[in-house]
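Each remark here refers to the structure printed beneath this line.
The values are calculated or read from the model by the stated rules, or taken from the named source; none is laboratory data. From a predicted model like this one, the values you see are computed outputs, not experimental measurements. Heads up, the Cβs are rebuilt from the backbone with ideal geometry, glycines too, and the neighbour counts pull from every protein chain shown. SASA here: full protein model, heavy atoms, side chains in, ligands and nucleic acids out. Shrake-Rupley method; radii C 1.70, N 1.55, O 1.52, S 1.80 Å.
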Amino acid sequence: MLHAEPGEGGFVVRIRVLVVDDHRIFAESLAAALAAEPDVDVFAAGSGPAALRCLERAAGEGRRYDVLLVDADLGGNLPGTRPAVPVREGNEEGLVDGISLVAGVRTAQPAVRIVVLAEKDDPRRAALALQAGASGWVAKDCSLSRLLTVIRGVLRDETHLPPALLTGVLKELTAARRHRTESERLVESLTPREREVLRCMVAGLGRKAVAERLFLSPHTVRTHMQNVLGKLGVHSTLAAVALARRAGVGPVDLGTAGRIVPEETTNSA
């Protein structure tokens, strides 16, 4: 939400920007450059946890941020390898990577537009950022005028990518969509009971825990797990979980006590 404040000749619409980068000199330099613009209010955060706290505090005060500029290499972790998770107050370990932060913010505050700042062009990572909810991917060494164009553009619901990345990103997104469709088809081949077992696997439960949760014998669970791997065409639990996530299969709710409610009525064991 843009903010209108009194100014010379009437009201001035101001853009609130949060720079999230763990390289302090870069973050402060960029913030200072943006702050020179008459219609931009800019702040900086040095980690994912700090950014989440800034967003929460601003929302509580009724002064939400309009645009986040997020370092693609935030925290020095590989993007897309860890889902966004809630961060406890005071945690400054930087456990939220750039792509995960994008996904978390888009879920918590969908009105915020996010632009990823990258050291180099990478079609795969740019595609991951867009899938997570980013509206733009910009090189860190781009001009200030280019960055301002992107900031203002994403607020008009535009998506911005460097021209050199466009073809590669489209290929990555097409491949991801194809893989998701295939994964969904494979998951649909499972019985309701096998899908229950798969959801338990996605939640990280072992055979014994699955057996206790579903009131089945460990031997029966072992058989179901083998059937799941066979139907999905994979050879390990990790591969099955990765395929399940591509198909949109979420983990079973570990906070729910007692037996899982099956997706469909079934009399099979």
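Worth pointing out:
- Filter result for Arg199 (under 22 Å from the mean Cα position of the chain (by Cα), assigned to a helix (DSSP H, G or I) and at pLDDT below 85): no
- Of all the numbered requirements in (1) in contact with a helix residue (DSSP H, G or I) (Cβ under 9 Å, 6 or more places away or on another chain); (2) without any contact (Cβ under 8 Å) to a residue 60 or more places away in the chain, Glu196 misses one, and that requirement is (2).
- Condition broken by Val197, with the remaining ones in (1) under 30 Å from Glu119 (Cβ atoms); (2) surrounded by 19 or more Cβ atoms within 10 Å (Cβ to Cβ) satisfied: (1)
- Pair list, Cβ < 6 Å and 6+ apart or interchain, from segment 59-74 residues that are over 17 Å from Ile15 (Cβ atoms) to residues that are in a strand (DSSP E or B): Asp71/Leu117; Ala72/Val116; Ala72/Ala118
- Those residues of segment 108-134 which are in a loop (DSSP other than H, G, I, E, B), of a type in the set (A, V, I, L, M, F, W, C) and surrounded by fewer than 16 Cβ atoms within 10 Å (Cβ to Cβ), in sequence order: Ala111
- Among the candidates Thr159, Thr149, residue that is within 19 Å of Asp39 (Cα to Cα), in contact with a strand residue (DSSP E or B) (Cβ under 9 Å, 6 or more places away or on another chain) and of a type in the set (Ser, Thr, Tyr): Thr149
- Residues being within 17 Å of Val13 (Cα to Cα), part of a loop (DSSP other than H, G, I, E, B) and among the polar types (S, T, N, Q) - total across segment 147-181: 0
- All positions within segment 158-171 that are under 28 Å from Asp66 (Cβ atoms) and either among the β-branched types (Val, Ile, Thr) or touching a residue at least 40 places away in the same chain (Cβ under 8 Å) (or both): Thr159, His160, Pro162, Ala164, Leu165, Val169
- Filter result for Leu69 (within 25 Å of Pro110 (Cβ to Cβ), of a type outside the set (D, E, K, R), modelled with pLDDT of 95 or more and not in a loop (DSSP other than H, G, I, E, B)): yes
- Within segment 210-229, restricting attention to residues that are part of a loop (DSSP other than H, G, I, E, B) and not polar (S, T, N, Q), the residue that is most open to solvent (accessible area, probe 1.4 Å) is Phe215.
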